[in-house]
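First up is the structure itself, then whatever we jot down about it.
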Amino acid sequence: MSEKTEWQSARLRAVQNLTADIRLFEIEPERFVAPAPGSHIDVAVRIGERPDTRSYSLVGPCTDGIYRIAVKLLAHTRGGSAYMWSLAPGARLGISAPKNHFDLGLGRPDYLLVAGGIGITPICGMALALHHAGARVRVLYAARRASDLAFADDLAGVLGERLTRVVSETAGRINFQKEIATLAPGGELYVCGPIGMLEDAKRAWQASGRPVDQLRFETFANSGRFANEPFTVTIPRLGKVIEVPRNDTMLAALEAAGVDMISDCRRGECGLCALPILEADGIVDHRDVFFSEAEKAANAKLCTCVSRVAGGSITVDTADRPG
């Protein structure tokens, strides 16, 4: 069960390759709604013969009535990026109106925005909005290689020295403890990137003693510590043994097998789809940002929408009962 999405038709107006594996999509909706900074749209995709949904952050303010999203082509995910890359200008799409789970608070004395890789997409709009509002803002934009910094030149043209590029091949990881120390009291930190970056940010923020609600973040549903591989889920209560393919989520596999699940965000943020772990024959790759580090280490539950098992299988419980 998830929040109902009202779909509308849209036309893919243009595409542009920004890097070897990042493509910008310009989407013309039937009914344009101006997005707030940090917003995303849901896009109807097809994974093989099966319909599915992906969420993509909007890039920039979209003041011309066109939604822009950037999609990184990934080899080891469920196939949403491959579907998007298969589309040519003129293609029809089903999209939602803008939604926002990554709100930008205004009127703060200072802002630090941090993006890892394709996590720059919501950060772009936030940075531009804060710049035009005259706010004090810095942006750290990290990627493995300099060639992966798809929006760096555009942002540098607006922000100048307030943009710092961090290339891990040469500069290593961001020192969040050092960066947070430069943030004015009452300032806010916004982070969008892979799970490792978010964990670093959360640890440093907690150590700083700053208020929890002044750290805001968004993550990728596909970021984990291990490569995707197939695994088996056993549910003794229901007498079910379910195979989870490499390119599908545990949640989707459970739903396809008739397990009555509750879910909403499907990005590891809300915790509604979490199930109790009875036994794990393998390593549980917790990819959510809902559970604390201590809760993940306890291995009592996992968020089925993003988390997986590496090198084994898992046995879980569920409140669902056969009808």
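The values are calculated or read from the model by the stated rules, or taken from the named source; none is laboratory data. These figures come from a predicted structure and were not determined experimentally. A quick note on method: Cβ atoms are made from the backbone with ideal geometry, for glycine too, and the neighbour counts reach across all protein chains shown.
For this structure, a couple of remarks:
- Being aliphatic (A, V, I, L, M), outside the structural domain of residue 276 (by TED's automatic domain parsing) and closer than 30 Å to residue 313 by Cα is a property that residue 183 lacks.
- Looking across the stretch 137-172, the residues that are surrounded by 15 or more Cβ atoms within 10 Å (Cβ to Cβ) and part of a loop (DSSP other than H, G, I, E, B) come down to 149, 150, 151.
- Count - residues of the stretch 299-314 that are of a type in the set (D, E, K, R) and crowded, with 24+ Cβ neighbours inside 10 Å: 1
- All conditions but one from (1) surrounded by fewer than 20 Cβ atoms within 10 Å (Cβ to Cβ); (2) small (Gly, Ala, Ser); (3) under 23 Å from residue 304 (Cα atoms); (4) under 20 Å from the mean Cα position of the chain (by Cα) apply to residue 36; the one that does not is (3).
- Of all residues making up the stretch 32-49, the number that are closer than 18 Å to residue 249 by Cβ and of a type in the set (Gly, Ala, Ser): 2
- Any chance residue 296 is more than 17 Å from the chain's Cα centre (by Cα), at pLDDT below 95, surrounded by 16 or more Cβ atoms within 10 Å (Cβ to Cβ) and not hydrophobic (A, V, I, L, M, F, W, C): yes
For every residue, the table says whether it meets (1) over 14 Å from the mean Cα position of the chain (by Cα); (2) crowded, with 16+ Cβ neighbours inside 10 Å.
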{"site": "55", "(1), (2)": "no, yes"}
{"site": "58", "(1), (2)": "no, yes"}
{"site": "63", "(1), (2)": "yes, no"}
{"site": "73", "(1), (2)": "yes, no"}
{"site": "84", "(1), (2)": "yes, yes"}
{"site": "89", "(1), (2)": "yes, no"}
{"site": "94", "(1), (2)": "yes, no"}
{"site": "97", "(1), (2)": "yes, yes"}
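- Positions within the stretch 299-312 being of a type in the set (S, T, N, Q) and under 16 Å from the mean Cα position of the chain (by Cα), in sequence order: 304, 307
- From the options 188, 199, residue that is within 18 Å of residue 102 (Cα to Cα), in the same structural domain as residue 120 (by TED's automatic domain parsing) and in contact with a Gly (Cβ under 7 Å, 6 or more places away or on another chain): 188
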